[in-house]
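Asks: Right, I'll just put the structure down here and ask away after.
The values are calculated or read from the model by the stated rules, or taken from the named source; none is laboratory data. Model, not experiment: these values are computed from the prediction. Note: ideal-geometry Cβ built from the backbone for every residue, glycine included; neighbour counts use all protein chains shown. Areas reflect the complete protein model, heavy atoms only, side chains present, ligands, DNA and RNA absent. Shrake-Rupley method; radii C 1.70, N 1.55, O 1.52, S 1.80 Å.
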Amino acid sequence: MREKLYSCLICGYKGLSQNPLYKGEYQKTFDICPCCDFEFGYSEDHDVRLGFIVTPDHLIEAAFQLYRKQWIESGMKIAHPEDIPEELKNINLDIENFEINGFND
């Protein structure tokens, strides 16, 4: 039986072994997305350009958006291409028309 995989809240890739949402609430799973390299429970506090901060719960979505923005601006590099199915590796996204809530307003 195949393991159920969950979608990354940053890039949307369905490759997480643990769901970062439990009953609609964010949970720190320390699962790392093989696509964008976000680690749920670590990256929102450590990988923002502000340096180490502890992100308050009410600002967690802003931390996700900041990480997503940084990932897109750095070329949307796939962190672990060996873990990504071959058919997804050659997708060219036009980031000029890439719409993410909160960034194109």
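Asks: Cβ-Cβ under 8 Å, sequence separation 6+ or interchain: first residue in the range 5-20 and closer than 18 Å to MET76 by Cβ and β-branched (Val, Ile, Thr), partner open to solvent by less than 20 Å² (accessible area, probe 1.4 Å) and modelled with pLDDT of 90 or more. Which pairs?
Replies: ILE10/CYS33; ILE10/CYS36; ILE10/PHE38
Asks: Enumerate the pairs (first residue in the range 52-75 and within 13 Å of LYS28 (Cα to Cα); second residue anywhere and aromatic (Phe, Trp, Tyr) and surrounded by 14 or more Cβ atoms within 10 Å (Cβ to Cβ)) with beta-carbon separation below 7 Å, excluding pairs fewer than 6 apart on the same chain, so at least 6 apart or on different chains.
Replies: Close Cβ pairs satisfying both conditions: ILE60/TYR26.
Asks: In the range 33-55, which residues are in a loop (DSSP other than H, G, I, E, B), within 18 Å of MET76 (Cα to Cα), modelled with pLDDT of 80 or more and open to solvent by 10 Å² or more (accessible area, probe 1.4 Å)?
Replies: The answer is PRO34, CYS35, ASP37.
Asks: Another question, then. Looking at SER17, is it at pLDDT 85 or above and of a type in the set (Ser, Thr, Tyr)?
Replies: Considered against the rule, which asks whether it is at pLDDT 85 or above and of a type in the set (Ser, Thr, Tyr), SER17 comes out as yes.
Asks: Related question: Output the number of residues of the range 59-85 satisfying the condition of being of a type in the set (D, E, K, R) and more than 16 Å from GLU39 (Cβ to Cβ).
Replies: 4
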